[in-house]
1. Among 16, 133, 359, which one moves the most in a GNM of the chain with springs linking Cα atoms closer than 10 Å?
2. Would you mind pulling out the separation of the Cα centroids of segment 179-209 and segment 128-142, in Å?
3. Exposure proxy check: 50, 74, 217 ranked by fewest other beta carbons within 10 Å?
4. From a point 7 Å beyond the Cα of residue 358 in the direction of its Cβ, which residues of segment 267-290 have a backbone N at a distance under 17 Å?
5. Highest GNM mean-square fluctuation, the chain, Cα pairs closer than 10 Å: which of 290, 380, 189?
6. Which of 299, 69, 130 moves the most in a Gaussian network model of the chain with Cα springs under 10 Å?
7. For the chain, what is the calculated [θ] at 222 nm in deg cm²/dmol (nearest 500), taking -39500 (n - 2.57) for each run of four or more DSSP H residues and dividing by its residue count?
8. Where does each of 221, 177, 279 land when they are ranked from fewest to most other beta-carbon atoms within 10 angstrom?
């Protein structure tokens, strides 16, 4: 006779026990308790359910947290009389793997629980970590988030089926990527840093914002005043966790981030792009940033320059900047300023609004070179017969 999975249900209403037992079938033995203080001795617990009241989700979420503290390896699910976005998000942030509604998930409850259990047993993707491209600037610039968004969109467009791409926007102006690409966000980067040790696939699917293309976006809120102080350990832990769940991540940041934290991010990156323009002022600012990174013993062998607003006969040339900053030039991005402003104001990418603009074509070319070059050595030249060239042929 097969052994039954032992399940704990923390709830005040026994109707949940009857419902779950019926929905999950005879393979699960349900044990109803009204509080964690009265947990029965049932041997190895395989599942747990906690009632989360939509009117007061904090109490149930606290029980989820306490249950996981005692049994960290047990998948915990939230159940409630009805669904609400606040209840779902509160439960998931506390560590619940999913949220089921009484008498509304009857047909697929067993399948959903099985799916989450399989996801839990499969675990993380091991050493198969996301490619991490960091975009850095010593000075605030609307171009960092704009470039980060376009690079992320290009990566998402060429990603194989099932591979997901994430844009993390920590650049100034705060929350710019949300405006530039018309993304509505309720779960912010600060929320993710707060939940760093509970961030899993369920939280990502439930809380992270998505662009209409499917690109995931995690940004500071537009309403953030000033730039928040970020704990280096939390930032790095979040990046390490997210790299297990995405195929590629674009991390856009400027010098508001503390240099030691920035150094740690660059050290983890597949490639880093120092964003500059042709002005003396910004070049000096970036030179100072590079010197500060050197003090932190930050390796810059996978770092190159991206020069925005580039004009061949105006300001410092690409060769001048490469010599001044001691870095190879990865890309020079020109294009029409009017098209760029129009795209920003419309909340659309240049790929859709002005696909033949030199900026859009330059980002596609850069994406192709980054993806084909990997971590070592110089960037490979653009593939003349590649996808970017074919896109604009004729």
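1. Its mean-square fluctuation being the largest, the pick is 16.
2. The distance from the Cα centre of segment 179-209 to that of segment 128-142 comes to 18 Å.
3. Going from least to most buried by this count: 74, 217, 50.
4. Within reach of a label on residue 358, which here means backbone N under 17 Å from a point 7 Å along Cα→Cβ, segment 267-290 contributes 276-279.
5. Between 290, 380, 189, it is 380 that shows the largest mean-square fluctuation.
6. Among 299, 69, 130, the largest GNM mean-square fluctuation belongs to 69.
7. Estimated from H runs of four or more residues: -12000 deg cm²/dmol.
8. 279, 221, 177
A short reminder: the numbers here are calculations on the coordinates, not readings from a lab. Please read all numbers here as calculations on a predicted model, not as lab measurements. Don't worry about glycine lacking a Cβ; one is built from the backbone with ideal geometry, like all the others, and counts go over all protein chains shown.
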